[in-house]
Amino acid sequence: MTRHVTFMTIDDAEHYTPQQRAAIISAYPAHEREARAKGIPVLGSGRIFPVPEELIACEPFRLPRYWPRLGALDFGWDHPSAAVELAWDTETDVVYVTKACRASQQTPAMQALTLKPWGEWLPWAWPRDGRRETLEGAGVALARQYAAHGLNMLTSHAQFADGSVSVEAGLMEMLDRMQSGRFKVFSTLLPWFEEFRLYHRRDGQVVKLRDDLMAATRYGVMMLREAVVDPAEFKAVRRKAGQSDPLGAFR
């Protein structure tokens with residue numbers, strides 16, 4: 001059985017004018033507005049990212065060719081495997097989530113078929129459990145299985161530059177970027193926003209349920225320093241005969 005969550009917002013109440021909707025929302029206490037106006041539930045002891053969606057959502061656009069990019073994976077089987085692509089505007093230090101996909105009970109081979117069109121050059125961040133050997137993989141670590149099917153896996157699992165792997169530090173890095181306007185998500189990535197709305201704590205602990213895209217995004221933010229520009233963009237550069245070419249090594 002497939003389960004689906006539908007959110008009804010005050011914007012779906014078309015018998016109100018925009019001015020009436022704004023007046024209704026402003027009458028609610030600030031901490032209740034998203035729950036009352038957008039149907040976003042208050043879960044457990046609170047959302048992990050208490051940030052209005054309007055602050056992070058943006059319309060999709062064509063990425064500048066010089067922005068570094070990075071893929072990030074969260075492994076799963078019964079709970080979905082998830083993947084995101086991050087693009088990094090290094091001039092303003094803004095990270096964009098530009099692609100996202102999620103699927104259950106898919107082998108590394110099947111996932112690779114989905115993800116390789118994102119760019120075979122794209123480096124992939126992955127979690128510590130990628131070192132785990134599985135029976136299905138005949139004792140081969142998960143990360144190696146994905147690499148064998150053509151994904152450009154990073155040589156080590158997701159970690160900060162100092163080698164730490166703190167979940168809370170990763171979440172706080174994401175939250176800080178969201179609150180400071182340095183984290184954006186293409187508005188068309190509906191599964192990502194579905195998880196974003198429901199991602200919460202219970203008794204102070206992160207609830208690890210339907211958090212697959214959130215986890216993948218966290219791994220990508222942790223490894224943002226490994227993001228690279230598509231080498232094909234360098235190959236597109238052409239110079240006049242006799243002119244020096246500092247990018248010649250990429251041809």
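The values are calculated or read from the model by the stated rules, or taken from the named source; none is laboratory data. Here the structure is a predicted model, which means the values were calculated and not measured. Ideal geometry is used to build each Cβ from the backbone, glycine not excepted, and the neighbour counts take in all protein chains shown. To get the accessible areas, we keep the full protein, side chains included, count just its heavy atoms, and leave off ligands, DNA and RNA. Shrake-Rupley method; radii C 1.70, N 1.55, O 1.52, S 1.80 Å.
Six or more apart or on different chains, Cβ under 9 Å: which pairs go from a residue in the stretch 210-233 that's on the phi < 0 side of the Ramachandran plot to one that's among the polar types (S, T, N, Q) and surrounded by 17 or more Cβ atoms within 10 Å (Cβ to Cβ)? Could you list them?
That search, which allows pairs on different chains as well, returns ASP212/SER81; ALA216/SER81; MET222/GLN159; MET223/GLN159.
Tell me, which residue of the stretch 49-73 that is under 16 Å from TRP192 (Cβ atoms) and touching a Phe, Trp or Tyr at 6+ places or on another chain (Cβ under 7 Å) is most open to solvent (accessible area, probe 1.4 Å)?
It comes out as PRO60.
Being within 13 Å of the chain's Cα centre (by Cα) and within 15 Å of ASP211 (Cβ to Cβ) is the filter here; which residues of the stretch 66-96 pass it? Working first, answer last.
Narrowing the stretch 66-96 to residues within 13 Å of the chain's Cα centre (by Cα): 69-74, 81-88, 95-96.
Selection gives ALA72, LEU73, ASP74, SER81, ALA82, ALA83, VAL84.
Helices (runs of 4 or more DSSP H) wholly in the stretch 94-190 with at least 3 residues that are touching a residue at least 60 places away in the same chain (Cβ under 8 Å) and not acidic (Asp, Glu) - which ones? Before the answer, list the steps.
Numbers: elements: 108-115, 142-148, 167-179.
Those helices (runs of 4 or more DSSP H) span 167-179.
In the stretch 182-204, what residues are more than 14 Å from PHE49 (Cβ to Cβ) and of a type in the set (D, E, K, R)?
Taking the stretch 182-204 first, the residues more than 14 Å from PHE49 (Cβ to Cβ) are 186-191, 202-204.
ARG202, ASP203, listed by residue number.
Quick one: in the stretch 129-141, which of the residues that are open to solvent by 20 Å² or more (accessible area, probe 1.4 Å) and not basic (Lys, Arg) is modelled with the lowest pLDDT?
Applying the first criterion (open to solvent by 20 Å² or more (accessible area, probe 1.4 Å)) to the stretch 129-141 yields 129, 131-133, 135-136, 138-140.
Now restrict to residues that are not basic (Lys, Arg): 129, 133, 135-136, 138-140.
On the way: ASP129: 87, GLU133: 64, LEU135: 48, GLU136: 53, ALA138: 55, GLY139: 69, VAL140: 84.
Taking the candidates together, the pick is LEU135.
Do you know which of the residues in the stretch 74-109 that are among the hydroxyl-bearing types (Ser, Thr, Tyr) and surrounded by 14 or more Cβ atoms within 10 Å (Cβ to Cβ) is farthest from ASP230 (Cα to Cα)?
Just the residues of the stretch 74-109 that are among the hydroxyl-bearing types (Ser, Thr, Tyr), to begin with: 81, 90, 92, 96, 98, 104, 107.
Restricting the remaining residues to those that are surrounded by 14 or more Cβ atoms within 10 Å (Cβ to Cβ) gives 81, 96, 98, 107.
Working: SER81: 25, TYR96: 16, THR98: 15, THR107: 27 Å.
Among residues in the stretch 74-109 that are among the hydroxyl-bearing types (Ser, Thr, Tyr) and surrounded by 14 or more Cβ atoms within 10 Å (Cβ to Cβ), the one farthest from ASP230 (Cα to Cα) is THR107.
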